[in-house]
Each structure stands twice: as C-alpha cells, then as structure tokens.
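Contents: one structure, followed by commentary.
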Amino acid sequence: MIIGKSSFLGTHLYTYLKNDFEVKKISYEKFSSLTLPSLKKFTHIINCAIHPKYRTKTYNSKYDIDIKISKKIKDINLKYILFSTRKVYREKFNIKETDKIETKCNYSKNKFKTEKKLSSLLKKNLIILRISNILGINKNLKNKRKIHKLFLENYINFVKNNKLVKFDNNFKDFITIEQFCNVIHKIITSKIYGTYNLSLGKKVYLKEIIKWLNKSETNRIIINDKTDIKNSFTLSNNKLFSKIKINLKKNSLKIFCNKINSNIYK
C-alpha cells in the first residue's frame, strides 16, 4: 500500500512497483477510513503523505501522519517503510548511520522524533530510510508541490524565468527517481529492518550536474569553483546496499539528466 495518492514519490513508486507487485495507492484520508481486517492482506505500507505544518512547525503529533498510521497498524504483522531525511545529520563526506545526529531545522527535528516514536511502536516491522536529494520530474501535474520543491524543480524555474543564478561548486548526494524506485523494490523483496541511508553514495559536484542539465549552455548560470565543505555532503549507503545486493552508478545520473534536459529546454 502506498499512501499519498498524488505525491511525487507515491506516483513514481506506484508506476514502478505495479509491474511486479499488487499495489494499492490511496490518499491518507481514504486510509483513515479502512478497517484493520482490510489491512491484513498487505505486506508493506509506504507513506508518501505529509502535513504542510509538519515540515515547518515545531513537532505536534496531530501533524504527524506517520505516527497516526503506525498506531493503527502496530498489531498487524506488516512492514512499514518510513521516509526520513539526510538532514538529521551534519553535512560532511561519507555520513554513516552511526554518526552523530545534529538536527537544525524543524523538518529534521520532527523526522527524528518520528523515527524514535515509530521504532518504539513497530520495532522489527519498521524500515527507516534517511534519503538524499532525489532528482525527478513530477508526473502529477495537478499536484503543485506546495509543501516544498526539489532541486530539479527549482532549476527548471530558473530556466523558465531566465534568472541569474550563482552556485558554489559544492558536492551533494543526488539519486534519480528511477534509482530510488529500484532500491525500494529491492527492499520490499528483502527481510531487512532498521535504519539505513538511501543515496548514490558518491560526490556529485553542482558544476557536473548543471553541465548535464544545461543543454544550451546559454543560461545565466554562474558556478563559483570554490567548494564550501560545510554545505556539502554524501551519505554512506554501504549498510543498506550490502544487504539488498545492489550497486548504483554515477553514470546513470548523467544519463538521466541528459535524457530529461531536452524537455527542460523545450
């Protein structure tokens, strides 16, 4: 079951996973009305829905959709996949799951509180994924993504409005939506539980990714060669990938960007 019918991640996951699994995609409102017997046929629940105030305000359980779902399913033997964030860590190279937690914004503070609450409720039925930056195009045009925008959406907005944009050549850890869906597929067919980083696990400098995306090379984009280490990061994915037996290539990221750049500049 995928909760978040019109969400960016939910839409892509549904399209990808339905080829190999029986997948139901519903809104959180619809989920709230389901009875426990109707939930027992599912092996996994993935929540992609989020309350707008959960992202920006201090923690309040009434805005925590994950905790509401978990309380409902805690006595059912199914796996719950929680999408958390790399922002629970301080930026640095090769961040591991055992590294110190340093939450700075309300969103990361709220996510870490949710992680702890769900760990207590669901125990071995919980998979926590701390995710890096995801590159992808929103398939659902009706969903305006009012909660937040991803890197690629911001980039497209710069291009459309011909804005002068300046970047430091920092490195980030990007993963494509196709790679992300592939990893989730592998997780579903595994028997893992616990907390994992989900990332490409490699340095991707902004100078590289802008070059792959900037087809015409005529846009008003300025890259400062300086790298600000304090605003750069990569996540170590060794713990997860060694268990699900997968290896993601940086070249796939380049191919993905090259494939979509013609649509950006159309």
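Points to keep in mind about this one:
- Long-range neighbours under 6 Å by Cβ, at least six apart or interchain, first residue surrounded by 13 or more Cβ atoms within 10 Å (Cβ to Cβ) within the stretch 239-266, second at pLDDT below 90 and among the charged types (D, E, K, R): Asn261/Lys215; Tyr265/Lys215
Rundown of residues vs (1) of a type in the set (D, E, K, R); (2) more than 19 Å from the chain's Cα centre (by Cα); (3) in a loop (DSSP other than H, G, I, E, B); (4) at pLDDT 85 or above, yes/no style:
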residue: Phe158; (1), (2), (3), (4): no, yes, no, no
residue: Ile187; (1), (2), (3), (4): no, no, no, yes
residue: Ile209; (1), (2), (3), (4): no, no, no, yes
residue: Thr218; (1), (2), (3), (4): no, yes, yes, no
residue: Thr227; (1), (2), (3), (4): no, yes, yes, yes
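- Among the residues making up the stretch 169-182, those that are within 17 Å of Phe233 (Cβ to Cβ) and either surrounded by 17 or more Cβ atoms within 10 Å (Cβ to Cβ) or free of Cβ contacts under 8 Å to residues at least 40 places away in the same chain (or both) are Asn170, Phe171, Lys172, Asp173, Phe174, Ile175.
- Filtering the stretch 183-192 to residues that are aliphatic (A, V, I, L, M) and open to solvent by 10 Å² or more (accessible area, probe 1.4 Å) leaves Ile188, Ile192.
- Criterion: touching a Gly at 6+ places or on another chain (Cβ under 9 Å), touching a residue at least 40 places away in the same chain (Cβ under 8 Å), surrounded by fewer than 17 Cβ atoms within 10 Å (Cβ to Cβ) and farther than 22 Å from Tyr14 by Cβ - qualifying residue of Asn94, Asn106: Asn94
- Scan the stretch 38-60 for residues that are in a helix (DSSP H, G or I), touching a residue at least 24 places away in the same chain (Cβ under 8 Å) and within 22 Å of the chain's Cα centre (by Cα) and the total you get is 4.
- Selection status of Lys163, open to solvent by 20 Å² or more (accessible area, probe 1.4 Å), over 20 Å from Arg130 (Cα atoms) and either touching a strand residue (DSSP E or B) at 6+ places or on another chain (Cβ under 9 Å) or at pLDDT below 85 (or both): yes
- Residue, farthest from Ile45 (Cα to Cα), within the stretch 83-114, restricted to residues that are within 15 Å of the chain's Cα centre (by Cα) and charged (D, E, K, R): Lys87
- Residue match in the stretch 61-78 (condition: in contact (Cβ under 8 Å) with a residue 12 or more places away in the chain, under 15 Å from Ile184 (Cβ atoms) and open to solvent by 20 Å² or more (accessible area, probe 1.4 Å)): no
The values are calculated or read from the model by the stated rules, or taken from the named source; none is laboratory data. This structure is a prediction, so every number in the text was calculated from the model and none was measured. All Cβ positions, glycine included, derive from the backbone under ideal geometry; neighbour counts span all protein chains shown. Just the protein is used for accessible areas: all its heavy atoms, side chains included, with ligands, DNA and RNA removed. Shrake-Rupley method; radii C 1.70, N 1.55, O 1.52, S 1.80 Å.
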